[in-house]
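Encoded as structure tokens, the structure appears first; notes follow it.
The values are calculated or read from the model by the stated rules, or taken from the named source; none is laboratory data. Please read these numbers as outputs of a predicted model, since none were measured by experiment. Here the Cβ positions follow ideal geometry from the backbone for every residue, glycine too, while neighbour counts run over all protein chains shown. These area figures cover heavy atoms from the full protein model, side chains too; ligands, DNA and RNA do not enter into them. Shrake-Rupley method; radii C 1.70, N 1.55, O 1.52, S 1.80 Å.
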Amino acid sequence: MSFLVTNVVRTHFQRVPAKDPTTVPAPQVVFVHGLGYDSMASFYLTLAPPFAAAGIDVLTYDLRAHGRSERPSRGYRL
């Protein structure tokens with residue numbers, strides 16, 4: 001399990017490395033959940049493996065207050 005701390009909020013992310021990339025460094029894609037998906041697991045379990053098998057590095061993460069990412073202690077602002 002991987003975490004990154006930004007603005008005192010701990011954000012959960014997962015990287016699925018490219019399998020046998022055809023180019024070095026491998027191309028990368030970032031999946032951001034939303035609009036019907038509740039956490040990065042939606043992409044990690046479904047889309048990430050085929051992309052990694054195609055030689056693409058995949059990064060997925062949970063938005064704040066979703067999945068294993070923390071909720072800001074003072075709420076949200078624009």
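Shape verdict for the chain, please, from the Cα gyration tensor: rounded (a/c under 1.5), prolate (a/b greater than b/c) or oblate.
prolate
Rounded to the nearest whole Å², what accessible area per residue is found for the chain with the 1.4 Å probe?
Accessible area per residue, the chain: 73 Å².
For H12, what is the net charge nearby, where nearby means another residue's Cβ is under 9 Å from its Cβ and Lys, Arg count +1, Asp, Glu -1?
0
Amide H to amide H, which residues 5 or more places from R10 or on other chains are under 5 Å from it, using H placed in the peptide plane?
Amide H neighbours of R10: E70.
Using a 1.4 Å probe on the protein heavy atoms, what percent of the accessible area of the chain belongs to carbon and sulfur?
So the carbon and sulfur contribution to the accessible surface is 57 percent.
Of Q14, L45, A26, which is farthest along the charge dipole of the chain in the positive direction, counting Lys and Arg as +1 and Asp and Glu as -1 at C-beta?
Q14
Order the following by accessible area, largest value first: T22, T46, T11, T6. Probe radius 1.4 Å; ligands, DNA and RNA are ignored.
T22, T46, T6, T11
Where does each of H66, H33 land when they are ordered by accessible area, with a 1.4 Å probe and the largest first?
Largest accessible area first, the list is H66, H33.
Assign unit charges at the C-beta atoms only (+1 for Lys and Arg, -1 for Asp and Glu), then state the dipole size of the chain relative to its Cα centre in Debye, rounded to the nearest 20.
For the chain, the charge dipole is close to 380 debye.
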